[in-house]
Each structure stands twice: as structure tokens, then as C-alpha cells.
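A short worksheet on the structure shown next.
The values are calculated or read from the model by the stated rules, or taken from the named source; none is laboratory data. Every value quoted in this text rests on a predicted model; they were computed, and no experiment measured them. No Cβ is skipped: glycine too gets one built from the backbone with ideal geometry, and neighbour counts run over all protein chains shown.
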Amino acid sequence: MAINIGGLREGVSIIGVGYTPFGNVLETPEIKDMTERELFAFAALEAMEDAGIEAKDIDAFYFGHAMGETLSHQTAGSAAVADWIGMRNKPGFRHDTACASTNAGLGYAATDIASGVRRVVLSGGVEITGSRPKEGKPPHIREPMIPEELWFRTNYGADQAYWYPSGLAPAYMLDLAVIAYGKKYGLTLEQLDDALNAASISNRRNGVRNPKATTFKKEFAEEAKEHGFGDVNEYLKSRFNPKIGAIARMYHLAIPVDGASALILCPASMAKGLTDHPIDVIGFGSTANVYYHEAELPWQLDQGAFAQAYEMAKINPHKDVDYMSIHDCMGLQFTSGEAAGYFHPGEGWRVIMEGRTAFDGDRPLSTTGGRTVMGHAWSASAGAEIAEAVRQMRGLCGTRQIKPVPEVSVIHNIGHGAHCSVCVLRTRS
Amino acid sequence: MVKMQPFVKQWYDFLGEDKVMGLRCNRCGSYEFPPVPVCNNCSGTDLSWVEMSGEGKLLTFAENPTPDAPFVDFAPFIYGAVVLKEGPTFHTMILGVDPEDTAALYDKLPLSVKAETQDRGDHKFVVFRARK
């Protein structure tokens, strides 16, 4: 059903972004021994430094933490983190739309500002997916979590009345989307496998150039050679990249990591005085549905969120978007990328096969490396992807910088449940 | 005033009697499957329980070699998206297909399937079986 889309009554800008290195708090040196509090604090403080403001200048904050109860033994976490970001006794709200949380959180902050209720709002999130506190102990005393337990608890995000009892599969979303795509456009299973592997190659090319992606340091071509493969495609079809679904292979899926992200927003009229390079939030949209309503492409979930965001932004996605970040925890780059209008229908897989979605291609996607390379810290990832878009638009991405510097970016996220959130950013001309 | 009912329990109770039930909107005629108290097509709240035909088409699928603990007794199984004759789409286990031969299943899509119930001990759930 159609909804009313109102415009922002006052322009809103992002003036600061921050995110931690994404890794594992049990072993990654940059974040070792940190709890959710330190991760969120360092992301928030980085965003404040980036914005050239301090905590005293911020009116309220949003805190995305989808797995608070189940992985962190912490509900109502905005109270627990308020001190850690210097915002004791200010409005602070924990929220959860699973892995879309920090994209949705940008919309909450922008709405507050455009309504005139608040001026400067911080919106961020945190997740630790690789370990958990021991019951009743302080949170630095942790134990590793096996993937089966992580997925079991993550599946609390699926409707428990009708959906979870259906027998959810870990890689279900990739298989369902990509098989539907293959049938729609008459592709063979081998072509679909090749397209997903090509996406892996471009994602890895992006991610090894991102210092905050700590897990993988080598491009697949180099890794293939080390394993005795002259052809990277053969390597990606070998036992080193085993199938774990009908189509899905190991490197097609997100790797769970720990991390935090934060964004700072303010009225567009105020931003110019604070930064030389304000990035305006010109549109956002969200949908919620039980994912079992989806079968054919494009998904209603994607269509609704993109349509809302584009209507608010008044852009034509087929020609106005310079950089796209697609939620790629389960191989959705060409299915959702087409729903986004970034690829023409039926052509997304081919654009990916041609290597054009790496940072140096003409249709760049997810230059952090995405969730399969930088990794996926559930609630925190969307904010990191928005931060990446902002840095690309400011020309600050070093060896993975998109050229020419993008002026319009779209960030798309899907959270378990399912939720979809999309935002549109534009450089102030 | 809409009459409050325990829809979830009622649906599972019907499944326990091997009946696959949904709700039909008395205003616009569209179906809610599984049941919810308001029509998502027209917002109507006057809905009646009806037995679903159980006829559907499997449009896409996933393989599940390592399911969560509650479902390990059924592994490996195919999990799929079925569009029902009455309109709604639902995801659940697909029986009567070879989980080891996903290439053959891919070639057969869309595949006609029929609903049935699966015993889970303290409740039954709806699954679909490929038609011969």
C-alpha cells in the first residue's frame, strides 16, 4: 500500500562520521579486549572529531544494538553507553531493525532535526558477534561463540510464530534471491556461480585497500597463486571456497565481526559553518515485512524503500547515482542492485562479471569491501557503509578512492526480519 | 469492535487436525496466510477462516545442509518460496525433491507443490510436497 512521503522541512547534513576497525575483540589488535562501550565510544568520538564538535554540542543520540539481549546481555543499552560518549542526562534511544539499524537510525536523526525539535544528533550502533560475556560477569570476561549459536540467536530476528518454525537456512536469502534471478533471466547455475565469484573478486579488491577491514589482506588472485591456482576463477570454484547452499559458497557470505559506527547530523544551514564539505541527506525510506512474503524479484521490501527514498530525494536512480552500497551479506549485489535502478534489469550480473563494480570501475559498489570482506557487525555495518560513502564523497578514500569523486550516493541495507532501509546523500554544490 | 482471538494458537490447532487454514477478507476477497487480524490489501478487519486449497508453485529455493537445532531431524532439506493459488507467498520445507540434486530442481522451476502437515512432536507445521 502506498504511503505519504513528506519532504524534510529543513535540510539536513552529515557533518561527521566514524567507525572502528572491524575485527574480533578476542584477537584483533586494534580492538582487542574492548567491550561494546569502548567500540561505540571510539566510533562516536571519531565522528565528533571529524565534525569538529564535542559531546557538549550534541542534543541527542540514537543507539542501534540489535543483539543487545541475546549477544551482549544488555537491554536498554542507550543508558549504559551515554556516559561513554559524554552525553549523560541527554536524550538517548536504543533501537533495532537488525542489520539495517544504523541506516534507519540516520532517518530518525534527520527527522528530529528537520522537525526542529533537535539541532545536532548522533546516530550509531555497535555489535559484537564473535563472543559474548559469561553469564553474570563483567563484559570484558568473554567466551567465543560458535557460528551455530550466533545464527540461532540472530534468528530471534525472524518472526517466531510462523517464520522461524518453517526451518530457516543460514544461506537461505542468497539462494532464494539468486535462483529467482537466474530463472527470471534464463541464466545457468554456472553463470550465477561465476557472477557471485566475480563479485567476490571485486569486493576483495576493494576491501584490501581499506585499513579498517582487518580480516583479509590479499586479493584473491594472490591467494589463488599461493594455493597453486593460476586461474582465480578455478580457485573460487575449488574446495577452498566450498558450497554451503544450493548456490552459496563460503566467500559469498558475510563474515561475522565486531565493530561500531557513528554519524553526526545537523541542519544544513548550520553545517556550512562547521565543515567545508557538508554532505546532505536528501532522501530516506524504510519497509518492514515478514520475509516469507518475498519470492519474485524485485522484492517488495527493496522496491518500497527505494521508491520512498528516491521520491523524497527527487532523483532518477538510473542516471543520477554515482556510488551505490548494496547490503551484500548474502550475495544481493545484482538482485537488489537492479531493484535500486543502479543496473538495468537483467544486466547487473554481467556488469559484475566485467569487474566494473570495484572502486576503479564505472559502477562502483560497497568500497569498504562489503560484508564478505570487511565483515558484518550486524547493527553497526550500515553506519560504516554510510561513513564510507561520506568519505568517498569527500575524496578521502586513498587507494580505493572512486574517480571522479561521487556526488550522489545511495546506501541500502536489509535487516533480518525483514527490514529494508535506504538513504540518499548528495554533496553540497 | 474487532473480536480478539488467539490466531496463532487457532492456526496451529487447525494444523494439528491436518487442516491448512487461512483468512479471507470479506471486503476485498484477498487472503492472509498465515493468519493476521487485518487485511494487508484493503485494511479490512472482517475476515473469515477458510481452508486453503494447498495448491502452489515453488518459485525459488535454498538448500539447508546445516539447519538450526530444532530442524536437524529433517536435514538435509530443501527450503523454498511457494506462491499459493489463492495469492499469498510462504517459505517452508519442500519435500519430495532430492536435496542432493539442486541442478535438477532448478531446471524444474516453477514446480507444482501441494501443502501437507509435518509432525514436530508438540505441534504440526505446514510444508509442501512436489507433485509427481
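Hey, which of the helices (runs of 4 or more DSSP H) in the stretch A:288-362, taking only ones fully inside, have at least 2 residues that are under 17 Å from the mean Cα position of the chain (by Cα), polar (S, T, N, Q) and surrounded by 23 or more Cβ atoms within 10 Å (Cβ to Cβ)?
Details: elements: A:300-313, A:317-320, A:333-339, A:348-353.
Helices (runs of 4 or more DSSP H) meeting the threshold: A:333-339.
Quickly run through the stretch B:51-69 and pick out the residues that are among the acidic types (Asp, Glu) and either more than 27 Å from B:LEU105 (Cβ to Cβ) or within 8 Å of another protein chain (Cβ to nearest Cβ) (or both).
Taking the stretch B:51-69 as the starting set, the residues that turn out to be among the acidic types (Asp, Glu) are B:51, B:55, B:63, B:68.
Once the filter is applied, which keeps residues that are among the acidic types (Asp, Glu) and either more than 27 Å from B:LEU105 (Cβ to Cβ) or within 8 Å of another protein chain (Cβ to nearest Cβ) (or both), the stretch B:51-69 yields B:GLU51, B:GLU63, B:ASP68.
Scanning the stretch A:144-181 for residues that are hydrophobic (A, V, I, L, M, F, W, C) and over 19 Å from A:LYS243 (Cα atoms) yields A:MET145, A:ILE146, A:LEU150, A:PHE152, A:ALA158, A:ALA161, A:TRP163.
Considering only residues that are among the hydroxyl-bearing types (Ser, Thr, Tyr) and farther than 24 Å from B:THR66 by Cα, which ones fall in the stretch B:90-119? Reasoning before the result, please.
Step one: filter the stretch B:90-119 for residues among the hydroxyl-bearing types (Ser, Thr, Tyr), giving B:92, B:102, B:106, B:112, B:117.
Residue satisfying the conditions is B:SER112 alone.
Comparison of A:ALA66, A:ALA44, A:ALA80 shows that the only residue that is part of a loop (DSSP other than H, G, I, E, B) and under 23 Å from A:THR129 (Cα atoms) is A:ALA66.
The rows are residues; the columns are (1) more than 8 Å from chain A (Cβ to nearest Cβ); (2) aromatic (Phe, Trp, Tyr); (3) out of contact with any Lys or Arg (no Cβ under 6 Å at 6 or more places or on another chain).
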| position | (1), (2), (3) |
| --- | --- |
| B:PHE71 | no, yes, yes |
| B:PHE77 | no, yes, yes |
| B:THR92 | no, no, yes |
| B:PHE125 | no, yes, yes |
| B:ALA130 | yes, no, yes |
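Please go through the stretch A:93-152 and give me each residue that is more than 21 Å from the chain's Cα centre (by Cα), within 17 Å of A:ASP280 (Cβ to Cβ) and not in a helix (DSSP H, G or I), ordered by number. If the condition is that a residue be more than 21 Å from the chain's Cα centre (by Cα), within 17 Å of A:ASP280 (Cβ to Cβ) and not in a helix (DSSP H, G or I), then A:ARG119, A:VAL120 are the ones that fit.
Can you tell me which of A:GLY107, A:GLY77 is under 29 Å from A:ASP302 (Cα atoms) and touching a strand residue (DSSP E or B) at 6+ places or on another chain (Cβ under 8 Å)?
On the way: A:GLY77 fails: under 29 Å from A:ASP302 (Cα atoms).
Just a single option satisfies the conditions, and that option is A:GLY107.
Of all residues in the stretch A:155-194, those that are touching a Ser or Thr at 6+ places or on another chain (Cβ under 8 Å), among the β-branched types (Val, Ile, Thr) and more than 8 Å from every other protein chain (Cβ to nearest Cβ) total 1. When the criteria are applied in full, A:GLY245 fails the requirement of being within 14 Å of chain B (Cβ to nearest Cβ), crowded, with 20+ Cβ neighbours inside 10 Å, within 24 Å of A:SER381 (Cβ to Cβ) and touching a His at 6+ places or on another chain (Cβ under 7 Å). Only a single criterion out of (1) under 22 Å from the mean Cα position of the chain (by Cα); (2) closer than 30 Å to A:LEU150 by Cβ; (3) without any contact (Cβ under 8 Å) to a residue 24 or more places away in the chain is not satisfied by A:LYS243, namely (1).
Out of B:SER43, B:SER48, which single residue is more than 9 Å from every other protein chain (Cβ to nearest Cβ) and either out of contact with any Ser or Thr (no Cβ under 8 Å at 6 or more places or on another chain) or of a type in the set (Gly, Ala, Ser) (or both)? Before the answer, list the steps.
Numbers: B:SER43 fails: more than 9 Å from every other protein chain (Cβ to nearest Cβ).
Only one candidate qualifies: B:SER48.
B:CYS25: buried (at least 17 other Cβ atoms within 10 Å of the Cβ), over 23 Å from B:ASP119 (Cα atoms), at pLDDT 95 or above and more than 13 Å from chain A (Cβ to nearest Cβ), yes or no? Show your work before the answer.
Details: buried (at least 17 other Cβ atoms within 10 Å of the Cβ): yes; over 23 Å from B:ASP119 (Cα atoms): yes; at pLDDT 95 or above: yes; more than 13 Å from chain A (Cβ to nearest Cβ): yes.
In short, yes.
Note on the stretch A:153-166: among residues that are assigned to a helix (DSSP H, G or I) and hydroxyl-bearing (Ser, Thr, Tyr), the one that is nearest to B:VAL20 (Cα to Cα) is A:SER166.
Conditions first: (1) over 23 Å from A:GLU54 (Cβ atoms); (2) in contact (Cβ under 8 Å) with a residue 40 or more places away in the chain. A:HIS318 passes all but one, so which condition is the exception? In the conditions (1) over 23 Å from A:GLU54 (Cβ atoms); (2) in contact (Cβ under 8 Å) with a residue 40 or more places away in the chain, A:HIS318 misses (2) alone. Looking only at the stretch A:79-127, residues that are aromatic (Phe, Trp, Tyr) and within 24 Å of A:LEU8 (Cβ to Cβ) come to 2 in all.
Within the stretch A:167-223, restricting attention to residues that are closer than 11 Å to A:ALA248 by Cα and either of a type in the set (S, T, N, Q) or not in a helix (DSSP H, G or I) (or both), the residue that is modelled with the lowest pLDDT is A:PRO170.
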